[in-house]
Amino acid sequence: MSDAAVPNAIGQAGDPSRRTWIAITCGAGVLGGVAVAVPFVSTLEPSERARAAGAPVQVDISGIKAGEKLTVEWRGKPVWIMRRTPEQVAALPKLDAELADPKSERHPDEFTPPYARNEGRSIKPEFLVVVGICTHLGCSPSDRFAPGAQPSLPDDWQGGFLCPCHGSTFDLAGRVYKNKPAPDNLPVPPHMYLSDTTLLIGEDKKA
Ligand code: FES
């Protein structure tokens, strides 16, 4: 499935410079993102410059349908907001035995804030919020939401994300599967809900 058609989404029509980082795929992904962000930041309005420099990003999540994902930019990184279906949420605990760190116990302060240290790695069960950058070498994994056999994935695939460069796979909570190059789950950024339909990325109640 593709990103939901919601304002603020990366990949929507508009200034192509906003989408520069989309072209970054693998290898030096994170460093490349920083490098290309510099020239375009200088062309932004003051509020946009603040956001690019790291200010929290407010996102309207009301348009994300179940099973869809929205991508927004925070600190030059892609942040995924996925609305999981009830079936996808219910399937998460069944995958634990196949995952490298199902309870997000590795480097929790770096990758999983306290309010996301649960099976879905989320505040609300239906909404996954993660930085879409692989913890191996910084590629941006691809959506592989459909369950079942398909190229580069096991026959019993339950839906998740595939990092194309070295084959790391992640479930729909951003948890990495065992025996993959990625050493950690996808990072959960600081975030909080301002209302049922508004998410703030980059700040939480603790901040
Ligand atoms: S960057 Fe190598 S598996 Fe993701």
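At a glance:
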| read-out | value |
| --- | --- |
| Stretch gain in nm, segment S152-K65, where the contour uses 0.36 nm per residue and the Cα spacing is subtracted | 28.6 nm |
| Exceeding the 21 Å Cα-Cα cut-off - candidates K124/K180; K69/K124; K94/K178 | K124/K180 |
| The stretch 167-207 versus the stretch 98-152: alpha-carbon centroid distance in Å | 6 Å |
| Estimated inter-spin distance, D96 and N118, nm [label 7 Å along Cα→Cβ] | 1.5 nm |
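Read-outs: derived from the displayed coordinates by stated rules, not from any lab. Please read these numbers as outputs of a predicted model, since none were measured by experiment. Backbone-built Cβ (ideal geometry, glycine too); neighbour counts: all protein chains shown.
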